[in-house]
Protein chains: 2
Amino acid sequence: MKKLLKAVLPAGFKANGVACGLKKSGNLDLALIYSELPAIACAKFTSNSIVAAPLIVCKKQLRSAKRFQAVLVNSGNANCFTGKAGIQDALACAGFAARELGITKNSVLLNSTGIIGKRLEVIKIKQAIPGLVSGLSAAGVHKFARAIMTTDTCSKEVTVSLKIGSKAVNICAIAKGAGMIAPNMATLLCFIMTDADISKAALNKALTCAVENSFNRITVDGCMSTNDTVAVLANGAAGNKQIAGGKNLRDFSGALGEACLELAKMVVKDAEGASKFIQIDVSGAKDQGEAKVAALSIANSVLFKTAVFGENPNFGRVAQAVGASGIKIKEGQLKIKLGSLKGKQVKLKVDLSRGKAKTVVFTSDLTPEYVKINAEYN
Amino acid sequence: MKKLLKAVLPAGFKANGVACGLKKSGNLDLALIYSELPAIACAKFTSNSIVAAPLIVCKKQLRSAKRFQAVLVNSGNANCFTGKAGIQDALACAGFAARELGITKNSVLLNSTGIIGKRLEVIKIKQAIPGLVSGLSAAGVHKFARAIMTTDTCSKEVTVSLKIGSKAVNICAIAKGAGMIAPNMATLLCFIMTDADISKAALNKALTCAVENSFNRITVDGCMSTNDTVAVLANGAAGNKQIAGGKNLRDFSGALGEACLELAKMVVKDAEGASKFIQIDVSGAKDQGEAKVAALSIANSVLFKTAVFGENPNFGRVAQAVGASGIKIKEGQLKIKLGSLKGKQVKLKVDLSRGKAKTVVFTSDLTPEYVKINAEYN
C-alpha cells in the first residue's frame, strides 16, 4: 500500500472548484466531481435529527438510483433548517449540474456546508455551473478540495493505492472540517473516489468500518453537525476482479481505513484555533463501547482541553471526566499517564483496569482563538 | 415569604472563616459552621463515579449519626483522587474540629474544593482550627461564604423566611461555584441552615425537589465535578409545629426552592469568564425529561455559547444542538425565538411542538476569558 498526502484522482474522474459568490471573501465556494463512468456509491450521514436539505435529497438519490456520475458541493451556506424551500433549492442545483453535464438528475449527489438557517442563493450557483463544468480536469481536484473549505486553514487530501490481484487500485479522498466536529462525524464532509471494481455490499462494509475507526474517533468541540457526510464513488476503471469479500476486501478496507484515518487526523490538526493535537489511548476497558465512552468523555471535556492549552498537567480533570462518563469506575482502578504538554503533540494514556478492550481517539485543545472564531462566524 | 440576598444565620448557628495557608493567595480558605443544638441533616452529592474523600466520609457520617453540629470546609484543595490517604486526611480534619468544639467526630460534616489529585496539607488545617473555633459568631457567616470560594468573584448568600403556623422560620443558604458546573450540580457546594423543626423525611423531600429545580437546571461548562454537595442542617430552634407534610411542607419546600434557585442563578452570573446570563425556556416537550435534555443540549453547546458571546444571532446552532440531543424532532416542529444578544441577559425560547411539558435552564456564554482562567488554574 502506498500513501500520498495529496489528491490524485483515479482514472475516469475529473473535478473543479470555482467562486460563485456565496462566500463574502470571494474564495472558492462551489465544487464538482464528475465520473465519466457511471459509478456505484455508498455514504454515511450525520445522526443529528436536524438534517440539511441536500442530505435529504442525497439519501433519496442513493435509494432510487443505482449509478452516480457527479457530486456537487457548495460552501458558505449549509442549506439546513431551510424547510421545503431548502429541498427545492437542492433539487434545483442538482438539475443545473445534470443538464450541463448531460446526465440524469438522479445521478447527482449533493452537499452544502456553512451557515445554518439561511436560504441558498441558487441563482449564484446556476450562473456558475457552466464555468464549473467546462473547467473540469484531473488537476481540478485541488480546487475542489479548496472550494469545500469553510473555517479550514488548509485543504485535506490523501491518495492511497494498493494491488488487487495484478491490478493497481487507487483511492483518492478529500475532506473538510475544523469545527462542529464530534464523534459521529460533525461538520465534516469527505468525498472518496476509487477506480476499484467492488460490489456495493463490500463497499458499504469497507466504508462503515473505515468511518468507525477514523471520523467516529475524533472530536473538536463535541458539537454534532447537521451536514456530515462521507461518500464514496467506485467506477471500476482499475479493471480488477470485482472485490466482494475475503482477502481482497480486507486489503481494500485497510487502504480505505488508512485514507480516512489520515484525513481525520488532518481535521483535528486543523481544528479551529487549536494549538495542540491530542492522542488519547484508553485501555483496560470492559468492551469497545466503554473504551470509546471514556476516551470521548475526556476528549470533550472543556476543562481538560483548556488545561492542555495552558500546558497545565491537571490530571485531576482526566479523572473527573472519566468519572462523569457514567462508567462505574473506582478510584483505585484508574491509571493516568499524561505525557509532556510542551510540544504540539500531546499523548494521554488511561488504563481503566476493568478489562481488555482499548481504543484511540484524537482531539485538540480549546483556546481563546477557538472562541473568537466561533463568536464571529456568520 | 421574605427574601434577602445576604446571609443571616438562624438562631443557634454560628460560623467563621480563616486563612490557613492552603491558598497561595493568602485568602480565606477554611470555613466552619457550628450548630449549638444538634441538628438533623440531609445532603445531595455528585453523581460522578470519582468522588472526593470528604464526600465518602460525609456519606458515612450521614448513615451512622442522627444529629450533626458542624460543617468543616476547606478551599484550595478538593482532596479528591487521593486514595485511602485522602480519606484518612478527611477523618483527621473532622477529628480536629470535633475535639476543639467538644462534640463527637461523627457529628462533623466535611467538604473540600479546589485542585484535584493533591494531598491535603492537614497540618495547616490542624493549626488553624483553634482560631477558627474561637472566632465563631453569627456575623462570621460572611467569612464562611468567602472562605469556600475558589474561582468565584463574589460570595453567594441568600436568606428566606416564612411563617409556619404563627412561628417565623428562617432558611439561610450559602453556595460557591463558578466553573465545573454541569447539571447534577458540578463544583458547587451549598450549605443551608434552617431553624425549622422538620422531620428527616420531609426535609429530604424538600431538598430533592429544590435541587432538581435549581442546581440541576444550570450548566456552565458541562463538566461534572467530583465534590458537589448540597447539605442542609435543621436545628428546630424556631419552635414551630414539626413539618411533616401537607401545606406546611409545601410552603417550606417553596421557600427552600426559592433560596436554591437564587443561588443557582448567582453561580451562573458569576460563571468563569462569562459576559452574559442566558435563560433557556423549552416548551412543547413530550415530558419533563425531554424538555430538560433539549434545554441542556443547547446550554452545553460550545458553539451556541460562543455565538452568544459574539452577539451573533446564529439560531442554526440552536437547531443543531436540539437535533444532536437524540430527540427525534422534525425540522418543521422546531420553533426558535432568540431575544436580543446585546445586553447582559439573553433569553432563548424553544418550542418543540411535541407535547405540553416545559422547563427552564440557565447558563452563561463561553468566552476567551473562560479559557484563560481554566488554562492557568492550578
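Key figures
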{"item": "Efficiency of FRET from Cβ geometry, B:LYS342 and B:LYS286, R₀ 35 Å, rounded to 0.05", "result": "0.55"}
{"item": "Candidate lysines for bridging to A:LYS66, where Cα separation is under 21 Å - those fewer than 8 sequence places away on the same chain excluded", "result": "A:LYS14, A:LYS44, A:LYS105, A:LYS200, A:LYS205, A:LYS241"}
{"item": "Residue closest to axis [chain A; rotation mapping onto B; Cβ; Å]", "result": "A:PRO368, 2"}
{"item": "Segment B:42-140 - Rg (one decimal) and Dmax (whole number), Cα, Å", "result": "13.0, 37"}
{"item": "C-alpha center-to-center spacing [segment B:278-327, segment A:87-114] in angstrom", "result": "32"}
{"item": "Exam field: B:LEU37 pseudo-label spacings to other copies (7 Å along Cα-Cβ), nanometres", "result": "8.9"}
{"item": "Entries in B:LYS286/B:LYS347; A:LYS269/B:LYS176; A:LYS118/A:LYS269 that, when Cα-Cα distance is taken, lie over 27 Å", "result": "A:LYS269/B:LYS176; A:LYS118/A:LYS269"}
{"item": "Averaged over B:238-248, number of beta-carbon atoms from partner chains that fall within 10 Å", "result": "0"}
{"item": "Label spacing, shortest first and in nm, from A:GLY254 to its equivalents in the remaining copies (7 angstrom along Cα→Cβ)", "result": "7.2"}
{"item": "Shielding by other protein chains, B:301-314, mean Cβ within 10 Å", "result": "6"}
{"item": "Reachable aspartates and glutamates, given that their alpha-carbon falls under 12 Å from the alpha-carbon of A:LYS167 and they are not under 8 places away in the same chain", "result": "A:ASP195, A:ASP197"}
{"item": "Length-normalised contact order of segment B:2-269 in % [C-alpha pairs under 8 Å, at least 6 apart]", "result": "25"}
{"item": "Rh by Kirkwood over Cα pairs, then Stokes-Einstein D for the protein assembly as shown at 1.002 mPa s and 20 °C, µm²/s", "result": "77"}
{"item": "Value of relative contact order over segment A:277-375, rounded to a whole percent, pairs C-alpha under 8 Å and six or more apart", "result": "50"}
{"item": "Chain B: translational diffusion in µm²/s, Stokes-Einstein, Kirkwood Rh over Cα pairs, 10 °C, 1.306 mPa s", "result": "75"}
{"item": "7 Å along Cα→Cβ, label-point gaps from A:ALA11 to other copies, nm, shortest first", "result": "9.7"}
{"item": "Separation between Cα centres of segment B:1-49 and segment A:133-174, rounded to whole Å", "result": "63"}
{"item": "Helix runs (DSSP H) in chain A reaching 15 Å along axis by Cα, Kyte-Doolittle at least -1.0", "result": "A:53-64, A:83-101, A:122-134, A:200-212, A:246-269, A:288-299"}
{"item": "Relative contact order [Cα under 8 Å, 6+ residues apart], segment A:49-207, whole percent", "result": "18"}
{"item": "Eligible aspartates and glutamates near B:LYS124 by straight Cα distance, threshold 18 Å, same-chain separation 8 or greater", "result": "B:ASP29, B:ASP89, B:GLU100"}
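Bear in mind that the values in this text are calculations on the coordinates, not laboratory data. Computed from a predicted model, the values in this text were never measured in an experiment. When we count neighbours, we look across all protein chains shown, and the Cβ atoms used for this are built from the backbone with ideal geometry, even at glycine.
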